[in-house]
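Chemist: For reference, the structure I am asking about is given below.
The values are calculated or read from the model by the stated rules, or taken from the named source; none is laboratory data. The model shown is predicted, which means the values in this text are computed figures rather than measured ones. Methodologically, a virtual Cβ is constructed for each residue, glycine included, from the backbone with ideal geometry; neighbour enumeration extends over all protein chains shown. Accessible surface areas use protein heavy atoms only, side chains included; no ligands, DNA or RNA. Shrake-Rupley method; radii C 1.70, N 1.55, O 1.52, S 1.80 Å.
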Amino acid sequence: MPLLKFVSVEALHRRILSPQSVGIEEIEGFDKRVRLLVNHGIPKEQIVHVLSNVNLDKATCLKSVEEIEEKIAFLNRFGGCPWLLNYDLETRLIPRIEVLLELSGGDENTTGDVLPKLPAVLSYSVEHLESHIEFFVSYAGLTDPEIFKLVLVFPNVFRASRKRKLLPRIEFLKQCALNSDDVFKFLVKAPLFSALSFEDNLSCKLIFLVKIGYMYRTKEWVTAMGAVTWTSCENLHKEIGLLLNNGFSREDIVVIARNICRYHRTLCYKLDERIKHSMKLRGEHLEKGCPSTSS
């Protein structure tokens, strides 16, 4: 068989649409099933990729044309999602997608936005999904629309253990005086908080923030914690060191971070850009009539 890189796209289409040429002539009607996928909206240029990433027995070969059409019609309500053809319609797709659909308030478009982000969500049992939702309702005080927005931002929230991660972290937020509305806003802005390791990541950042001047168990402290979830411990140390070396005091850094909630995301800049940005922040701080405590 020639290497695929030397075969034109048109030739690949012909080989896929004529299965006898690749030794699967025993599968009666395979070409009809493939054409069915094309006729239902899967672009011809993607058909090779789709068939290479699904289980042909589950998706097409062992299914009747009517079963395939029914599954495609269902998935088309949520944007298509051809990679979900592996899943059984009645026992897998419908029950789990209906949980998400109910959570979204019946919005099929936004429900369809979740599926490509985390197709593995369909591997969880309905009981697993519902127990996570119930946890956020009963313990965190979130509403269905709020929970769905969190899932839309971070579908991996379903992977987080309720006992080991979600429960202690929601409790931590409550101890920092966050109410239900605050918890929702925090989790949407800092979704990684529910997934990162406490021992290897979060704990060292929390301690470091206290060392530079944040008050323990306050809203300001946990807000800063949310911002630094987007960077590594090493980069956080480097960034604070950069500011201290350029004339900022610890008090300066706390005040600026308090007024500019996404300050810590300057870590994405190169070194010289970070220096310039830091100086700009300090200038803005001084212009507001708050003299540097280091002077």
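Chemist: Please list, ordered by first then second residue, the pairs with beta carbon atoms under 7 Å, 6 or more apart or interchain, first in segment 145-170 and open to solvent by less than 60 Å² (accessible area, probe 1.4 Å), second among the polar types (S, T, N, Q).
Modeler: Phe148/Ser104; Leu152/Thr110; Val157/Ser194; Ala160/Ser194; Lys165/Ser194; Leu166/Ser194; Arg169/Ser194
Chemist: Listed residues Ile94, Ile47; which is on the phi < 0 side of the Ramachandran plot, open to solvent by less than 60 Å² (accessible area, probe 1.4 Å) and modelled with pLDDT of 85 or more? Outline the logic, then answer.
Modeler: Details: Ile47 fails: modelled with pLDDT of 85 or more.
Every option except Ile94 fails the conditions.
Chemist: Name every residue in segment 218-248 that is within 13 Å of Phe208 (Cβ to Cβ), touching a residue at least 24 places away in the same chain (Cβ under 8 Å) and acidic (Asp, Glu), in order of residue number.
Modeler: Glu239
Chemist: Going residue by residue through segment 217-232, is there one that turns out to be modelled with pLDDT of 80 or more, closer than 25 Å to Pro155 by Cα and surrounded by fewer than 16 Cβ atoms within 10 Å (Cβ to Cβ)?
Modeler: yes
Chemist: Right, here's the next one. Residue check, Glu134 against (1) assigned to a loop (DSSP other than H, G, I, E, B); (2) modelled with pLDDT of 95 or more, all met but one. Which one?
Modeler: With respect to (1) assigned to a loop (DSSP other than H, G, I, E, B); (2) modelled with pLDDT of 95 or more, Glu134 is out only on (1).
Chemist: Please give the number of the condition Gly213 fails out of (1) part of a helix (DSSP H, G or I); (2) at pLDDT below 85; (3) open to solvent by less than 50 Å² (accessible area, probe 1.4 Å).
Modeler: Only one criterion is unmet by Gly213, namely (1).
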